[in-house]
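> Below is the structure I would like to discuss, written out as structure tokens.
The values are calculated or read from the model by the stated rules, or taken from the named source; none is laboratory data. Keep in mind that this is a model prediction, so the values were computed, not measured. For neighbour counting, all protein chains shown are included, and Cβ atoms are generated from backbone atoms with ideal geometry for every residue, glycine included.
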Amino acid sequence: MSTTAASFAPVAAPTGEPIRLAMQRLWLSGRVLPAGARLTVQHVFRSGEDKPLEVVYSFPLPRDAALRAFRITGEGFEAHSELRQTEEAVKAYEQGIADGSLSALARQYGDGVVNLTVGNIRPNETVTVHLEVLAGVELRDDGFRFRFPFTLAPAYHRQMKAAVVAEGEGEMELPPSQFGDMILPRFREDAASLHEVGFDLSVLHQLAVEEIGSPSHSIRVRQDGMAPARVALAPEKDVPNRDLVLDVRYKETAAQMFAGATGEGKRAFAAIVPSTLFGVNTEAPRRTVIVLDRSGSMQGAPIAQARKAIEACLAALSESDWFGLVAFDDQVESMSAGLLSGTRENRQKARAFLGRVDARGGTELARGFLEAARMLHGGGDVLILTDGQVAGTEQILAQARAASIRLSCLGIGSASQDRFLALLARETAGVSRFVTTRERVDLAAVDLFASIGRPVASGLKASSNVQPEPPSAVFAGTPILLFGETEEHPGAVELTWDGGRLGLPLPSGDSETGQTVRLLQGSRLITDWESRYPSEEALAPLEKRQQSRVGARLLALSQAYGLASREMSLVAVVKRAGDRADELPETRVVPVGMPQDVRFGSYFGGGTTGSFTMMAPMAAPAAAPAAGRGFRLGAALQGMITRVRLPREVEAEVSADPLVELASELEPDGGMPGRSASVRAARSVAAVLAFVAEGHTLTAGAFRSHVARLVGFLKSAGGVSDREKASIERAIEAASSGSAPRGDWLALARAPGAEWAKIEKALKA
Amino acid sequence: MNEYLTLAELAEAAGVPARTIRFYIARGLVDGPLKAGRGAAYTLEHLARLERVKRLQAEGRMLSEIGRIVGGVEAEYAAEPTAWWQHGVADDVVVWTRADMSPWRTRQVRAAIDELARFLHKERKE
């Protein structure tokens, strides 16, 4: 039966009058495994109207997610959804509405946006929809990150339109020709008066857990040894203006295997194989282009942190490496026409370029990475720093695949575009991370940069029972996740790669785990195929879609796994006494909160109530690159995007991380700068120990490649005495062992002279 | 075509999904059915209104703006005056911009207009 929170009664701040919310509560529960999550999202709808109500709630799917089923409950009834082909589901829903019956439809659109529509809620009635969702997680060797969107981020599209429709409330529209009849919510600057959100989750783990934390919410954690941990929102309720982000960190790094029976003698399995089982980074020269999103929504701390992060990333390059730097909004700007070697002069050039990069304009992501592809000529890696707030992602993904470059993504933001960036990286054989603005973007960027460009394994292949295919390359810090099915008992997963092989036996497991793992495999496969389904194909009439290879594959996957996709939707019609046919319900769209780190003005800027802003020219083609003396008004107009460009002084001050500062000082030969060989060696010893003291070693931590370069420099350092050589040996040893004696190493690393005496004293302490 | 249409018939005739039509009705873009309850009916006027909404959308108007234009629930705003600047960029070309744009956008638009003016001037000289 329904469980409306009776205590929740928001009031309008200006009037003190109670606000009648069509949706009152959104509550997340379920089990989170290292291989993915099986969730139930409870939506409580209540009609305060004197006529039937139809409520539309729009939400984005998490990464690798699919809808399985829903249950709809209320006073005296309970019904379960059916999975039907989308046309049939819509027809059944509309017939239910016409008959006056309570009806519910969960339908997926492009970009993984879902419209949950519940119609014919009777006056003063409360209806609850319990929606089952399968979702993926972001894996790391030492744990995983689970992310669930409690709001929908506005997103840039060349043909989108936006307007301020009320004080602090904005509306956005996307072209129906590309997004069909998807309804977007209104975005409210202040989420305090919206529905309440919360969560209560079980976290299952095979490895001993060091820590469970959240950079997004205050949480209560109940943990008892290897039993599932219980993680719940600490306050009674929260507001829908950001994703839930949960981090689980293990005490050790090891392979994890999940398996269980699924019926007919078959067993489903999931295997998480850490990168450490494949090898370590090579020191081969690399070719990398860093692509920085300078769009308006990046303004403030994110772009300031990204600038610092890029400087630190570049310090990890040697003179044998090649790099490029691209900044994009709706226009693209490159630091240089081609790649540059990692010399001091070129790094200074990069610093000067970054100093000119302000947040402004729209997010033409594809133009950014296509410029990087041009610079790389097909060989090398691209690291993108972006909030990923774009719509029409299937088209961008198609361009990324066609560019044949490896993209790694660092997502920045409190509202999820995690699904898109995870796909962008995976579909191009890269890796992705998504951090919130409450975390250090610069540290995450340095960490990711250390692993890209130099895979620890290439040419990876798995036994034929694995689906989808594993990535071709493995990168340090990021494990691989394999799903599959076997008829053998206990069975095993076989992996081979250039120069190595690995066999992983499967555990027996239970059928609940087997069922969950199979569903997670299905949701991952559906997400992959969804990303290859362009809107023009997905919105075509049924007869045409039946000829589409992707459409047919999605339909088959939905039927095989019992999961929704754009081809199949969930519908339920509840026939009750007193249903009144043809009574038109009042349609309401549930508003959502602006993501807490995105300024309302960056999408709905400059407008007052009732003002309209055409965000970009209608049907504008991509502006052609300016050539010769050609007229560039097209490009100029493309720049007229309603996103505020703040003066630099208004941007949030970002406190510089001392290690990021230190990393950015490294010379191309890997050592610290100084006026003599002795000063350089002394400062480099202190720098190594400063990194080690904070947990960064030759193989672990975000600054591992900086430590490796410092150690490389120290190994060949000349112009030092035997006593000084002993200190150098101690520093090199510390970089391997991860243990540094106490000392003010940062100050010593920055000292203008050679402070050997102080270094020796601290090393002896 | 019958004089009266069901919602499903109206949706098919207009090429607009039924849910979208209900959404438009709730927003005042389209009138509700002629009568409520069993036998709720729509007319060719509803169809014409939907065609107009589609046309205005294709012109780049937002639903909020269309609401004002077609005189729905937001009609009280329709007479609200708006101020515009006129920029003569050449003897035979005038560009209009809204006067209430934010300063940053004004800068952007002015830059584009200046660029257009320079281009037209250069073209004429050549």
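Table: residues versus (1) touching a strand residue (DSSP E or B) at 6+ places or on another chain (Cβ under 9 Å); (2) closer than 22 Å to A:Leu554 by Cα.
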position: A:Ser47; (1), (2): yes, no
position: A:Pro52; (1), (2): yes, no
position: A:Phe59; (1), (2): yes, yes
position: A:Gly110; (1), (2): no, yes
position: A:Val118; (1), (2): yes, no
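> Checking the conditions here, which among A:Ala359, A:Ala372 is within 27 Å of A:Arg140 (Cβ to Cβ), surrounded by 23 or more Cβ atoms within 10 Å (Cβ to Cβ) and either free of Cβ contacts under 8 Å to residues at least 40 places away in the same chain or among the aliphatic types (A, V, I, L, M) (or both)?
Going through A:Ala359, A:Ala372 in turn, the sole match is A:Ala372.
> Restricting the search to segment A:574-590, which residues are in a loop (DSSP other than H, G, I, E, B) and within 14 Å of chain B (Cβ to nearest Cβ)?
A:Gly578, A:Asp579, A:Arg580, A:Ala581, A:Asp582, A:Glu583, A:Leu584, A:Pro585, A:Val590, listed by residue number.
> May I ask you to verify whether A:Ala316 is assigned to a helix (DSSP H, G or I) and of a type outside the set (D, E, K, R)?
Judged against the criteria, A:Ala316 is not a match.
> Further question: I need the full set of residues from segment A:530-542 which are touching a Gly at 6+ places or on another chain (Cβ under 9 Å) and without any contact (Cβ under 8 Å) to a residue 60 or more places away in the chain, in order please.
Scanning segment A:530-542 gives A:Glu537, A:Ala540.
> Here is a further query. Inside segment A:72-104, can you point out the residues that are away from chain B (no Cβ under 14 Å) and more than 18 Å from A:Thr128 (Cβ to Cβ)?
Result: A:Glu82, A:Leu83, A:Arg84, A:Gln85, A:Glu88.
> Quick one: count up the residues across segment A:724-755 that are free of Cβ contacts under 8 Å to residues at least 60 places away in the same chain and either over 16 Å from A:Val679 (Cβ atoms) or of a type in the set (D, E, K, R) (or both).
Adding up the residues that qualify gives 18.
So that you can scan it fast, the table gives a plain yes or no per residue for (1) within 28 Å of A:Glu283 (Cα to Cα); (2) of a type in the set (Gly, Ala, Ser):
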| site | (1), (2) |
| --- | --- |
| A:Gly712 | yes, yes |
| A:Lys715 | yes, no |
| A:Gly719 | yes, yes |
| A:Asp722 | no, no |
| A:Ser727 | yes, yes |
| A:Gly738 | yes, yes |
| A:Ala751 | no, yes |
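> Here is a check on your reading of the model: is A:Arg242 buried (at least 18 other Cβ atoms within 10 Å of the Cβ) and either touching a Gly at 6+ places or on another chain (Cβ under 8 Å) or not β-branched (Val, Ile, Thr) (or both)?
Judged against the criteria, A:Arg242 is a match.
> Of all the helices (runs of 4 or more DSSP H) wholly in segment A:658-765, which have at least 2 residues that are among the aromatic types (Phe, Trp, Tyr) and more than 24 Å from A:Ser320 (Cα to Cα)?
Qualifying helices (runs of 4 or more DSSP H): none found.
> With the condition kept exactly as written, say whether any residue in segment A:189-204 is touching a residue at least 12 places away in the same chain (Cβ under 8 Å) and touching a His at 6+ places or on another chain (Cβ under 6 Å).
no
> Would segment A:566-573 turn up any residue that is assigned to a loop (DSSP other than H, G, I, E, B) and either aromatic (Phe, Trp, Tyr) or more than 13 Å from chain B (Cβ to nearest Cβ) (or both)?
yes
> Just to be sure I understand, how many residues within segment B:26-65 are surrounded by 18 or more Cβ atoms within 10 Å (Cβ to Cβ), at the interface with chain A (Cβ under 7 Å from one of its Cβ atoms) and more than 21 Å from A:Lys161 (Cα to Cα)?
Counting residues in segment B:26-65 that are surrounded by 18 or more Cβ atoms within 10 Å (Cβ to Cβ), at the interface with chain A (Cβ under 7 Å from one of its Cβ atoms) and more than 21 Å from A:Lys161 (Cα to Cα) gives 2.
> While we're on this one: Could you list, in sequence order, all residues of segment A:537-565 that are touching a helix residue (DSSP H, G or I) at 6+ places or on another chain (Cβ under 6 Å) and either hydroxyl-bearing (Ser, Thr, Tyr) or part of a loop (DSSP other than H, G, I, E, B) (or both)?
A:Ser548, A:Tyr561, A:Leu563, A:Ser565
> Might you let me know whether segment A:697-705 holds any residue that is surrounded by fewer than 20 Cβ atoms within 10 Å (Cβ to Cβ) and either assigned by TED's automatic domain parsing to the domain that holds A:Leu317 or without any contact (Cβ under 8 Å) to a residue 60 or more places away in the chain (or both)?
yes
> Would you check if there is a residue in segment A:429-439 being buried (at least 24 other Cβ atoms within 10 Å of the Cβ) and within 25 Å of A:Leu502 (Cα to Cα)?
Taking every residue of segment A:429-439 in turn, at least one turns out to be buried (at least 24 other Cβ atoms within 10 Å of the Cβ) and within 25 Å of A:Leu502 (Cα to Cα).
> Also, quick follow-up: Using the structure shown, decide if A:Phe434 is outside the structural domain of A:Ala304 (by TED's automatic domain parsing), at pLDDT below 95 and among the aromatic types (Phe, Trp, Tyr).
no
> Can you name every residue in segment A:82-106 that is part of a strand (DSSP E or B) and crowded, with 23+ Cβ neighbours inside 10 Å?
Those that are part of a strand (DSSP E or B) and crowded, with 23+ Cβ neighbours inside 10 Å: A:Leu102, A:Ser103, A:Ala104, A:Leu105, A:Ala106.
> Sticking with this one: Name the strands (runs of 3 or more DSSP E) wholly inside segment A:107-209 in which the number of residues that are within 13 Å of chain B (Cβ to nearest Cβ), farther than 26 Å from A:Leu539 by Cα and small (Gly, Ala, Ser) is 1 or more.
A:161-166, A:169-173
> Specify the residue that is surrounded by the most Cβ atoms within 10 Å (Cβ to Cβ); the eligible residues are those in segment A:66-81 that are among the hydrophobic types (A, V, I, L, M, F, W, C) and over 13 Å from A:Val41 (Cα atoms).
Looking at residues that are among the hydrophobic types (A, V, I, L, M, F, W, C) and over 13 Å from A:Val41 (Cα atoms), I get A:Ala79.
> Within segment B:8-23, can you find the residues that are outside any helix (DSSP H, G or I) and either within 17 Å of A:Asp99 (Cβ to Cβ) or among the β-branched types (Val, Ile, Thr) (or both)?
Passing the criteria: only B:Val16.
> Can you name every residue in segment A:346-391 that is within 25 Å of A:Leu152 (Cβ to Cβ), among the hydrophobic types (A, V, I, L, M, F, W, C) and not in a helix (DSSP H, G or I)?
Of everything in segment A:346-391, those that are within 25 Å of A:Leu152 (Cβ to Cβ), among the hydrophobic types (A, V, I, L, M, F, W, C) and not in a helix (DSSP H, G or I) turn out to be A:Ala359, A:Ile384, A:Leu385, A:Val390, A:Ala391.
> Also, I was wondering about something else. Out of (1) surrounded by fewer than 23 Cβ atoms within 10 Å (Cβ to Cβ); (2) within 13 Å of the chain's Cα centre (by Cα), the odd one out for A:Ala473 is which?
(2)
> Pairs please, first residue from segment A:205-228 and in contact (Cβ under 8 Å) with a residue 12 or more places away in the chain, second anywhere and of a type in the set (S, T, N, Q), Cβ atoms under 6 Å, 6+ apart in sequence or on different chains.
Going by the 6 Å Cβ cut-off, the qualifying pairs are A:Gln206/A:Gln256; A:Pro215/A:Thr436; A:Ser216/A:Thr436; A:Pro228/A:Ser202.
> Still on this structure, I have one more. Based on this model, can you work out whether A:Phe150 counts as closer than 29 Å to A:Gln331 by Cα, crowded, with 22+ Cβ neighbours inside 10 Å and of a type outside the set (Ser, Thr, Tyr)?
So A:Phe150 fails the test.
> When you scan segment A:400-425, how many residues do you find that are outside any strand (DSSP E or B), over 12 Å from the mean Cα position of the chain (by Cα) and not hydrophobic (A, V, I, L, M, F, W, C)?
Summing the residues that are outside any strand (DSSP E or B), over 12 Å from the mean Cα position of the chain (by Cα) and not hydrophobic (A, V, I, L, M, F, W, C) in segment A:400-425 gives 2.
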